Amino acid sequence: MAISKQLPDGRPAASRNPGKRLRRSSKKPNHVDQHVGMRLRLRRNLLDLSQDDLARRLGLTAQLIQKYEAGETRISASRLYEIANQLAVPITWFFDEIDAKPRAAAPKASHEQTAEFSELVTKRESRQLLELYFGISDERLRRKVLQMAELLSSRDDE
């Protein structure tokens, strides 16, 4: 004799949702989620906050912040509101320049270049270099520094 499982209310477990299967959300992160994540990373880095610092402020884990920034996990509206408050930006800031983002039909090379640039501008070293460069008040000297950087870069290519 087969023993069937029962729910706490006495109904057989099989009758709980007859004909329905459990399914996971089909709402996977898309290009908008990735854009919002990149903007989150950019703003966090501009404020010189670590993922741990932001996570503590929001009562989250650094791993979740990392997933948000990678666009792997969607950010709910209420959570985005909290993040925007902590980073001192309006919610709309996370969507700025979204129309400039490549869509699925865009060439792959264009998307890769955009992703590379986004990664580059979020690095501390990039920010530090920009601050130092624009800290040079003499415009002619700034141009000379740029020319020197171009020469050093082309020398590496040889």
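We did not get these values from a lab; they are worked out from the coordinates using the rules stated. Just so it is clear, the model here is predicted, and its values are computed rather than measured. Cβ placement follows ideal geometry from the backbone for every residue including glycine, while neighbour counts extend to all protein chains displayed.
General remarks:
- With R₀ set to 30 Å, the beta-carbon distance separating Val32 from Arg127 gives a calculated FRET efficiency near 0.75.
- Charge tally around Leu49: other residues with Cβ under 13 Å, Lys/Arg +1 each, Asp/Glu -1 each, net +3.
- 10 Å beta-carbon shell around Arg39, net charge (K/R +1, D/E -1): 0
- Note that segment 31-111 shows a convex hull volume over its alpha carbon atoms of 95 Å³ per residue.
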